[in-house]
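To keep things clear, I will list the structure first and then write my remarks on it.
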Amino acid sequence: MKFIFYFLISLFVSTARGDGHAQRTGGRLNRAVQTLLVQSQVKQIEESQIPCEEFKESCSYYLCVESQKKCGEKGYLQNFGYRYCQKFTEEKIHHFSDDGMRWALKTKECLLGNLENLYHSESSCSEIKKEAFKNHDECYVKSGFCELSFRDQWNATKIGLSGILKLNSWSAVFNLLHACRARREID
């Protein structure tokens, strides 16, 4: 544990002073550090034996479900659900207007509600991933994505784009665009 602590300190110091090596490898190291921190959080939740219902309204609910289902660091719960919940509702929330912020929080509530249903079923990790991705565009639309300003829609797309590219979930983007187009035609 001491090694990890010293490693993190040296990483942040070298990045702050502008070491070329730290700048060239910073993205990978930053991701590795985030993964270690998330795994540590999962372990703490698991050891605390706090019921997942206690986390129902926070992004940590993904980690609590992970502590029970054990889908792994590359599974939906850690690698996408928790990560993008944090990005949308904590790290990048300031990129949105007031309407965009309300949308992000309503979407989080919808996605966590759907995850709760999956958690209480006997769903496997692959079933959780499949169903959760099916729920994304539905929750986005239901929470008002189509009514957001172009700027908020663009920011949401930008924030989620790396995850979409990484997980090849372009169908979710096309489904969302199709749903918004259909809504406009109805109105």
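The values are calculated or read from the model by the stated rules, or taken from the named source; none is laboratory data. None of the values given here were measured: they were computed from a predicted structure. Note that we place each Cβ from the backbone using ideal geometry, even for glycine, and neighbour counts take in every protein chain shown.
Starting from residues that are modelled with pLDDT under 90 and not in a loop (DSSP other than H, G, I, E, B), keep the ones in region 46-62 and report whichever is surrounded by the most Cβ atoms within 10 Å (Cβ to Cβ).
Selected residue: 52.
Could you please tell me which pairs satisfy a Cβ distance under 8 Å, a separation of 6+ or placement on different chains, a first residue in region 59-83 that is on the phi < 0 side of the Ramachandran plot and without any contact (Cβ under 8 Å) to a residue 40 or more places away in the chain, and a second residue that is basic (Lys, Arg) and in a helix (DSSP H, G or I)?
67/43
Report whether or not residue 102 is at pLDDT 90 or above and either in a helix (DSSP H, G or I) or touching a helix residue (DSSP H, G or I) at 6+ places or on another chain (Cβ under 6 Å) (or both).
Values: at pLDDT 90 or above: yes; either in a helix (DSSP H, G or I) or touching a helix residue (DSSP H, G or I) at 6+ places or on another chain (Cβ under 6 Å) (or both): yes.
Against the criterion (at pLDDT 90 or above and either in a helix (DSSP H, G or I) or touching a helix residue (DSSP H, G or I) at 6+ places or on another chain (Cβ under 6 Å) (or both)), residue 102 qualifies.
Quick check on residue 122: is it within 30 Å of residue 51 (Cβ to Cβ), assigned to a loop (DSSP other than H, G, I, E, B) and at pLDDT below 90?
Yes.
Find the residue count for region 63-82, including only residues that are more than 16 Å from residue 121 (Cβ to Cβ) and among the aromatic types (Phe, Trp, Tyr).
Selection size over region 63-82: 2.
For region 107-147, what are the residues that are under 16 Å from residue 59 (Cβ atoms) and out of contact with any helix residue (DSSP H, G or I) (no Cβ under 8 Å at 6 or more places or on another chain)?
If the condition is that a residue be under 16 Å from residue 59 (Cβ atoms) and out of contact with any helix residue (DSSP H, G or I) (no Cβ under 8 Å at 6 or more places or on another chain), then 109, 113 are the ones that fit.
One line per residue, one yes/no per condition, for (1) basic (Lys, Arg); (2) surrounded by fewer than 20 Cβ atoms within 10 Å (Cβ to Cβ); (3) within 17 Å of the chain's Cα centre (by Cα):
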site	(1), (2), (3)
115	no, no, yes
123	no, yes, no
129	yes, no, yes
135	no, yes, yes
138	no, yes, yes
144	no, yes, no
152	no, no, no
156	no, no, yes
159	no, yes, yes
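Tell me which residues, restricted to region 86-99, are under 14 Å from the mean Cα position of the chain (by Cα) and part of a helix (DSSP H, G or I).
Correct list: 86, 87, 88, 89, 90, 91, 93.
Among all residue pairs at least 6 apart or on different chains, which show Cβ distances below 8 Å where the first residue, located in region 128-157, is among the polar types (S, T, N, Q) and the second is part of a loop (DSSP other than H, G, I, E, B)?
Qualifying pairs under 8 Å: 149/97; 155/92; 155/96.
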